[in-house]
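Single-structure report; data block below.
The values are calculated or read from the model by the stated rules, or taken from the named source; none is laboratory data. It should be emphasised that the depicted structure is a prediction, and the values quoted were computed from it without experimental measurement. Methodologically, a virtual Cβ is constructed for each residue, glycine included, from the backbone with ideal geometry; neighbour enumeration extends over all protein chains shown.
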């Protein structure tokens, strides 16, 4: 470089040195060679320098008469005044990192022809080192005629200041080999080098050197030792050194506090801080910042507030450095509002503080505010770093704005962070979360470095995917040598849940056990969810029993899962267990338990939960309200369901769907259609479930044309593709109206292949209308699809029996027998005084069976008197008519009815019975007559619908 050329010209008197070669290699070749040719043997020593510095304006030296450098007889003298002047200028340039100005000073030194003393040599080394020109500093150092401890320390300090700790240690070893003894500044600097590269072993050797040389009492050396041990995790050593120092100083104590803060030991930080306060040491802002760091890492808000108070008292609260630490502390303690208060007082927060504030808002679920703060930061002209972008991209995933996410992606490229793994991981997540899986996958594929978080981010995109892509991704994670963590297993288990692949889920469970993660609450919740949704409730219960800790989310997964698996009793059981453990349920827990009550049709338990909902203030929650409406509806209390619906202020699509479907199930089609129209008037968008309810209502009311209109509006108006359930509703509408040709044509034109639901619906219509020919063809299809289902044989047998085709009835019964199909026994249950009583057909096991039989005979006498004649055609056994009448009289729903009538709550105006099979035609007529004779409303929910018997008629209008 030019400055070294100048130095060479100054030193050429002494001898021919290798500095000429050094300069030759430092200059750009073409420039230097041309100068070399023109100057020949450098006869014009200033030509090269003036050419190189021609673009730089410099102040020329003073006139010869006023110059501090005097020449006598053409020789150069040692001028102490001029040497001090040059040293001072170089010191100023070093402190301000003015590289170009320092080069000009170096040029002046060369031009002056003055001989350098050791102090000026060190000043040159120090200047180049502090300006980051470490190689030049080393070259200057190598040209020194005599190198002492000061020059060595200056060079080592330069490398350490630039973060080259290992090089600093190497230089120290070189110094030691030359026999130069270190002073206290050298040792403090090399200890800092050890700290930078975490070289604890060499640091311990230096500790011995410090003691041997007698520098342990020096404050700089002692503080450096404390800092080394603290940052290398040897906190006990650090504390011993700090306490053994002859003179306590704030720097060493701050280093010790910082070590414990980095280790997350806030209690030790606070104890040392209190001890520090007891001494005469003056606390400074760095001390308070370090204590705040400890409070932040452990989330100790109380202690953080105390330190904040001390900052206010000491008058240092408004200092930017301390305020930034306060923002960080409040942010990590989850106190976004307190952090914002401090943040808004800052005049010019740095990028670290902006990032901490944005991250805090994102983690506290205040994503919109985080986005606004990021916009303010960009408007201030501050450049974001990778942590800022990671936080704001993470916030964007909850905003649901794909366009905004793409704008942030553009910012990532603009500021050069497209290769940052941390940022890319956040981008993958935001794209997948906002429904753009392909964009997320593209980022994943273009990443040069993928870590486990990258794979986990991609894997999370398959949570709700019914394909096997999630499981294939998990396999690739293993193939790439990554060790799955809890997040990997949670995502993989959720993929198994979505695809209902419990077999692979069990294999993943085995891996979880091997890694000792089976007792983890979050992994356990994922396992429970997978097992209950796969109907493996017993396996899920085993997980519950093994968990060390069960939080609200785990309880909710268990309770909701049992309800979905039709294990309502277990759902209620675990809800009670949760209450015993002192865990307060949220709206999702309550909704799950209410669905458990719906599954077992326990209105009493449902009412108890309803009371809990009111007490806990969840009555207006849409999830809970929908579950309440569903529970009362399925328990036969449609009026209570209606009351709940009307009391809720805000109705979402799910709540409208629930009441519409309940009205349809209870044969109140007019109300269902009216609700649907109100729903559209209030601009609530319908979905596929809405149309299942409204089409069922049209079927009940035999509104064929209106049903067709609603069906076509699904695709034409609302862009909802019909599912097999919608097609089945249309088949029911056409079949109920007796339009069998149109129904068959409709089935042939379906976009989905017809399944058992379609054919069962059509077979039911054939039974009602007595269509033997079509019924027989449909039944044959069902026998091929599901040969083990008894109801299909019974339905065809009833069609034959209704038309007197007894040979065909016998043939169907023989077919059932040959296939090993047995008729499922009829079962009915009724809830009386808070207890559920179950009855089978021909049951004689009940404790009050004699009273029930007496009530049966009493009712039969009354019914016979009003014209009741048992229809023995519904008994498909080859027995006498007397035996057939006896069989009919002891059907399970009649036993349940009589037990309810003789019970203590017989004053209840309504009797509600639940049955596992369709009610037979004779029992249907029986219940109509009983409702008029005993002056009670009877509600029976069979396998297909609710029947409301009142004053001799049924809500189904004899079609079921």
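Only a single criterion out of (1) within 23 Å of residue 594 (Cα to Cα); (2) surrounded by fewer than 19 Cβ atoms within 10 Å (Cβ to Cβ) is not satisfied by residue 560, namely (2). Residue 624 meets the conditions (1) over 26 Å from the mean Cα position of the chain (by Cα); (2) within 24 Å of residue 666 (Cβ to Cβ) in every case but one. The failed one is (1). When the stretch 824-868 is filtered for residues that are over 49 Å from the mean Cα position of the chain (by Cα), exposed (fewer than 15 other Cβ atoms within 10 Å of the Cβ) and in a loop (DSSP other than H, G, I, E, B), the ones remaining, listed by number, are 842, 844, 845, 847, 848, 866, 867.
Restricting 361, 326 to residues that are crowded, with 24+ Cβ neighbours inside 10 Å, farther than 28 Å from residue 431 by Cβ, at pLDDT 85 or above and touching a helix residue (DSSP H, G or I) at 6+ places or on another chain (Cβ under 6 Å) narrows the list to 326.
Screening the stretch 772-793 for residues that are in contact (Cβ under 8 Å) with a residue 12 or more places away in the chain, under 50 Å from the mean Cα position of the chain (by Cα) and farther than 14 Å from residue 812 by Cβ and picking the one that is surrounded by the most Cβ atoms within 10 Å (Cβ to Cβ) gives 781. Has the stretch 313-322 got any residue that is buried (at least 19 other Cβ atoms within 10 Å of the Cβ), modelled with pLDDT of 70 or more and under 30 Å from the mean Cα position of the chain (by Cα)? Checked the stretch 313-322: no residue is buried (at least 19 other Cβ atoms within 10 Å of the Cβ), modelled with pLDDT of 70 or more and under 30 Å from the mean Cα position of the chain (by Cα).
Just one of (1) surrounded by 24 or more Cβ atoms within 10 Å (Cβ to Cβ); (2) in contact (Cβ under 8 Å) with a residue 24 or more places away in the chain fails for residue 687. It is (1).
Report, by residue number, each residue of the stretch 880-897 that is over 18 Å from residue 794 (Cβ atoms) and either without any contact (Cβ under 8 Å) to a residue 40 or more places away in the chain or surrounded by 23 or more Cβ atoms within 10 Å (Cβ to Cβ) (or both). The answer is 880, 881, 882, 883, 885, 886, 889, 894, 895, 896, 897. Kindly indicate whether residue 140 is surrounded by fewer than 20 Cβ atoms within 10 Å (Cβ to Cβ) and farther than 26 Å from residue 254 by Cα. Spelling it out, it is not the case that residue 140 is surrounded by fewer than 20 Cβ atoms within 10 Å (Cβ to Cβ) and farther than 26 Å from residue 254 by Cα.
Test residue 136 against the stated conditions and say whether it is part of a helix (DSSP H, G or I), out of contact with any strand residue (DSSP E or B) (no Cβ under 6 Å at 6 or more places or on another chain), under 21 Å from residue 80 (Cα atoms) and modelled with pLDDT of 80 or more. Answer is no for this residue.
When 199, 183 are checked against the criterion of being farther than 23 Å from residue 256 by Cβ and at pLDDT 80 or above, a single residue qualifies: 183.
One residue alone among 356, 426, 370, 396 is farther than 29 Å from residue 464 by Cβ and buried (at least 22 other Cβ atoms within 10 Å of the Cβ), and that residue is 356. Inside the stretch 90-106, can you point out the residues that are part of a helix (DSSP H, G or I), more than 14 Å from residue 120 (Cβ to Cβ) and either in contact with a helix residue (DSSP H, G or I) (Cβ under 7 Å, 6 or more places away or on another chain) or touching a residue at least 12 places away in the same chain (Cβ under 8 Å) (or both)? If the condition is that a residue be part of a helix (DSSP H, G or I), more than 14 Å from residue 120 (Cβ to Cβ) and either in contact with a helix residue (DSSP H, G or I) (Cβ under 7 Å, 6 or more places away or on another chain) or touching a residue at least 12 places away in the same chain (Cβ under 8 Å) (or both), then 95, 99, 100, 101, 103, 104 are the ones that fit.
Inspect all residues belonging to the stretch 821-829 and state whether any of them is out of contact with any strand residue (DSSP E or B) (no Cβ under 6 Å at 6 or more places or on another chain) and at positive phi. No. Among the residues of the stretch 586-595, those identified as part of a helix (DSSP H, G or I) and surrounded by fewer than 24 Cβ atoms within 10 Å (Cβ to Cβ) are 587, 588, 595. In the set (1) outside the structural domain of residue 796 (by TED's automatic domain parsing); (2) out of contact with any strand residue (DSSP E or B) (no Cβ under 8 Å at 6 or more places or on another chain); (3) under 30 Å from residue 792 (Cβ atoms), the condition left unmet by residue 813 is number (1). Looking across 417, 444, one residue alone is buried (at least 16 other Cβ atoms within 10 Å of the Cβ) and outside any helix (DSSP H, G or I). It is 417.
Could you tell me whether the stretch 669-683 includes any residue that is under 20 Å from residue 768 (Cβ atoms), touching a strand residue (DSSP E or B) at 6+ places or on another chain (Cβ under 9 Å) and not assigned by TED's automatic domain parsing to the domain that holds residue 944? No, because not a single residue in the stretch 669-683 is under 20 Å from residue 768 (Cβ atoms), touching a strand residue (DSSP E or B) at 6+ places or on another chain (Cβ under 9 Å) and not assigned by TED's automatic domain parsing to the domain that holds residue 944. Out of 198, 206, 225, one residue alone is on the phi > 0 side of the Ramachandran plot and in contact (Cβ under 8 Å) with a residue 12 or more places away in the chain. It is 198. Of all residues in the stretch 645-656, none are in contact (Cβ under 8 Å) with a residue 12 or more places away in the chain and closer than 25 Å to residue 833 by Cβ.
Summed over the stretch 492-518, the residues that are in contact with a helix residue (DSSP H, G or I) (Cβ under 6 Å, 6 or more places away or on another chain) and not in a helix (DSSP H, G or I) give a count of 2.
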